[in-house]
Amino acid sequence: IPLLLFFLVETAATRLSELSRKEDCDVVQNLIMTVQDRYKKLLQHTTDRGKTLEDVKRHAKQFSESWHLLVDWMTEVEQTLDTHKEIAVSQEEIKQQLTEQKEFQKLLRSKRPMYEACLKRGRSLQEKAQGPEDTQQLENMVSELRDSWDTISGKSSERQHKLEEALLFSGRFTDALQALNDWLYRAEPQLAEDVPVCGEKDLVSNLIDKHKVFQRELGKRASCIRTLKRSVRDLTRSSTADAHWLQEQMEELEGRWEAVCKLSVSRQTRLEAALQQAEEFDRLVHSFLDHLSDVERVLKYGVLPEEEQALLCLCDLQESMSSLNTQQTALENICKLGEEILSSCHPDSVITIKSWISITKTRYEEVQTWAKQQAERIQTTLSALEAEREEIQRLLDWICSAEETLSLKEQEPLPEDPELTADLITQHTDFMDEMKGKVPEIENATKSCKHKLVPKQQVSPSRRAPASERGTAKPPPSVPLPLEKLDPQTPVMCQLVSQWRKLWLLAHGRQSRLEEHLQRLKELEEFANFDFNIWRKRYMQWISHLKSRILDVFRSIDRDQDGRITHKEFIDSVLASMLETVLLSNIFDE
C-alpha cells in the first residue's frame, strides 16, 4: 500500500507539473491532499489495530501458558490422590496421614490465586472473542480448568473427611475433637460479618465458588459432629473424669459449630447481595461507557460545510447534550453505587472499583468537552452562515435595485443632443464604477462555491450566454461573462450568481448602446457640415499612406472587370475601409 500510494502521488505530481490551468492544478492538489489524509487515517487505524492484536496475543499467550501449567499440575495431583494409600488403622498412622493431607491442602490453597487469575483471564478473553469457534474453544478451556480444580478440591476434602472419621472411629475422641475445632477455628474468621465480600463481578463470583466448596465441606463434617455427640453421650453415662472433660469440649464444639453454620448462611446471603450489586455496577458502567462512545462518535466526527448540515448537526448536538444530561444522572448512580461497594469492598477489588469510577468520570468529562467544542464550532458556523446569508441578501437587494433602475432608463428614449448623451454616459460610467466596486464583495460572497471542471477543448461559456440570459441582453464580444467558472450548489447562491451575470450584461449592453448612440450623433453632426473636398483630400492621403494608387483601389472594387462601379459598391468599399468617415449615400452620384 505505501508503494502504491507513493506511485499515485508521484504520478499526480508529474501530472500537476504538466497542467497549465490554475483550476486544474487546484483540483489535482486537493485530490492529492485527500489521498494523503485518508492514507494517514488508514495508517493510524492499522497501527491501533496492530497494538490491540499484540495486546490480545500477549494475554492469550499468558492464559495458554498458565492454563497448561495448572492443568498439568492438577492432572498429576489427581493421579496422586487416586493412588493414595488406604486409610490406616492405627491412630498414629491416621494422624500422620492427616498431617500430610493438611500440608497438601496448604499447597492447594497457595495455588488458588494462580487458578483465579487464569480463570479471570480466560473469561476476559471469552468476552472479547468475536468468532464463534474462538468463543467455544475458550469456553471449553475455562470449563475444563474449573472442573479439574473442583475435582481435586473435592477429592482432597473427601480424603480429609475420611481421615477425620477414621480418627474418630479409632477411639481418639480427643484428637477428633481437636481436628474439628482446628478446622472450625480456621473457618470462623473467614465467615465473620465484618469480612468484606463486595467488589467486582468476577471476584464476587470467585468468593461464591469458594463458599460453595466450604459449604460442601461443612455438610460432610455434619456426620462427624453427630457421631461425636453420640459417642460423647455414651461416654458421659460412665461418670469418669475424662467423660466430663469430653462433655465440656463437646459443648464448646457444638457452640462453635452452630456459630459457623449461622455465619455460613449469613455469608451466603451477603455474597448473593454482593453479586447482585456487582452485576448492577458492571451493567451500569458498561452501558454508560457504550452510550458515551455513541455520543462521542456523533460529536467528534463530521464536517460542517453547509447550512443544512450545520443545522442537522445542531439538532444532533442538542440531542447529544440532552443525552449527556441524562447520562450525568447515570454517572451519579454509578458513583453512588461504587461508594457503597467500596464501603465493604474486598481488598483485591478496591483498586478495580476505584479505577472504574475514575474511568467513567474521565470519559464523561472528555465527551462533555467534545460537546462544548462542537457546540462552539456549530454556533460559529451558523453565525458565519447567517452573516453570509445577510451579505448575500444585501447584495441581491442592491442588484435588484440596480437592475430595476437600468430597466427604467432603458425604457426612456435616448436624447438626440450629444451633450445630454455624454451626460448619460458619465452617469452610467459612475454606475459602472460602483458596480466594479461590488466585485470584491461578490467574489467574497461566492468564495465557498465550487469551480467547474471545464476541459480546454470546450468552448468557454463566456462566448455564449445561458439560455435564461440570451433574451435579456447581448454583451459585446470583448466583455467576459463574470463568475463563469463557478458552480453554485445552493438556491440562494444560484440566484446571486445569475442576477449578477444578468446585471453585468445589462450594464455593459447599455454602455455599448450609449457609446454607439453618441458616435452616431457625432457622425450625423459631422455629416451636417460635410465638405467633400476635405474628405477627398483625406481619402487620397490615406490611400497614399497605404502606398496604393487610386486606380488600383477602383480596380479592386470592380469585381466584374467591366470598367464600371456602382454607387453602392463605392460606398460599401469606403465604409469597409479603415478610414473614419460618415455615411456618403447622399453625397456621391453614380
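The values are calculated or read from the model by the stated rules, or taken from the named source; none is laboratory data. Since this is a predicted model, take the numbers as computed values, not measurements. Note that we place each Cβ from the backbone using ideal geometry, even for glycine, and neighbour counts take in every protein chain shown. The accessibility values were calculated without ligands, DNA or RNA, using every heavy atom of the protein model including side chains. Shrake-Rupley method; radii C 1.70, N 1.55, O 1.52, S 1.80 Å.
Selection of first residues in the stretch 372-400 that are surrounded by 12 or more Cβ atoms within 10 Å (Cβ to Cβ) and of second residues that are not in a helix (DSSP H, G or I), restricted to Cβ pairs under 6 Å at least 6 apart or on distinct chains, gives the following pairs, ordered by first then second residue: THR381/LEU304. Name the residue that is farthest from ASP194 (Cα to Cα), counting only residues in the stretch 331-353 that are surrounded by 12 or more Cβ atoms within 10 Å (Cβ to Cβ) and under 28 Å from the mean Cα position of the chain (by Cα). The selected residue is LEU331.
Scanning the stretch 110-128 for residues that are small (Gly, Ala, Ser) and surrounded by fewer than 17 Cβ atoms within 10 Å (Cβ to Cβ) gives SER110, ALA117, SER124. Exactly one residue out of VAL77, VAL142, VAL56 is open to solvent by less than 50 Å² (accessible area, probe 1.4 Å) and in contact (Cβ under 8 Å) with a residue 60 or more places away in the chain, and it is VAL77. For the stretch 494-510, check the following and say yes or no: at least one residue is among the β-branched types (Val, Ile, Thr) and at pLDDT 80 or above. So far as the stretch 494-510 goes, yes, one or more of its residues are among the β-branched types (Val, Ile, Thr) and at pLDDT 80 or above.
Scanning the stretch 187-223 for residues that are farther than 30 Å from SER124 by Cα and hydroxyl-bearing (Ser, Thr, Tyr) yields a total of 1. Conditions first: (1) buried (at least 17 other Cβ atoms within 10 Å of the Cβ); (2) not in a helix (DSSP H, G or I). ARG363 passes all but one, so which condition is the exception? The one condition ARG363 does not meet is (2).
Checking the condition modelled with pLDDT of 70 or more and open to solvent by 40 Å² or more (accessible area, probe 1.4 Å), which residue from ARG520, ARG549 passes?
Numbers: ARG549 fails: modelled with pLDDT of 70 or more.
None of the other options fit; the residue is ARG520.
Cβ-Cβ contacts under 6 Å between residues 6 or more apart (or on different chains), taken from a first residue in the stretch 518-530 that is of a type in the set (Asp, Glu) to a second residue that is not in a helix (DSSP H, G or I), are listed as GLU523/VAL582; GLU526/VAL582. Can you confirm whether THR135 is hydroxyl-bearing (Ser, Thr, Tyr), farther than 25 Å from HIS161 by Cα and out of contact with any strand residue (DSSP E or B) (no Cβ under 8 Å at 6 or more places or on another chain)? Considered against the rule, which asks whether it is hydroxyl-bearing (Ser, Thr, Tyr), farther than 25 Å from HIS161 by Cα and out of contact with any strand residue (DSSP E or B) (no Cβ under 8 Å at 6 or more places or on another chain), THR135 comes out as yes.
If the condition is being under 21 Å from ALA422 (Cα atoms), charged (D, E, K, R) and surrounded by 18 or more Cβ atoms within 10 Å (Cβ to Cβ), then the stretch 488-517 contributes only ARG510. Taking the numbered list (1) open to solvent by 20 Å² or more (accessible area, probe 1.4 Å); (2) out of contact with any Phe, Trp or Tyr (no Cβ under 6 Å at 6 or more places or on another chain); (3) in contact (Cβ under 8 Å) with a residue 40 or more places away in the chain in turn, GLY131 passes all entries but (3).
Per-residue answers, yes or no, for (1) within 30 Å of GLU516 (Cα to Cα); (2) at pLDDT 90 or above; (3) open to solvent by 40 Å² or more (accessible area, probe 1.4 Å); (4) of a type outside the set (Asp, Glu):
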{"residue": "GLU410", "(1), (2), (3), (4)": "yes, no, yes, no"}
{"residue": "ILE425", "(1), (2), (3), (4)": "yes, no, no, yes"}
{"residue": "MET432", "(1), (2), (3), (4)": "yes, no, no, yes"}
{"residue": "GLU441", "(1), (2), (3), (4)": "no, no, yes, no"}
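Go through the residues of the stretch 189-206 one by one and say whether even a single one is open to solvent by less than 70 Å² (accessible area, probe 1.4 Å), assigned to a helix (DSSP H, G or I), among the polar types (S, T, N, Q) and under 24 Å from CYS261 (Cα atoms). Yes, because at least one residue in the stretch 189-206 is open to solvent by less than 70 Å² (accessible area, probe 1.4 Å), assigned to a helix (DSSP H, G or I), among the polar types (S, T, N, Q) and under 24 Å from CYS261 (Cα atoms).
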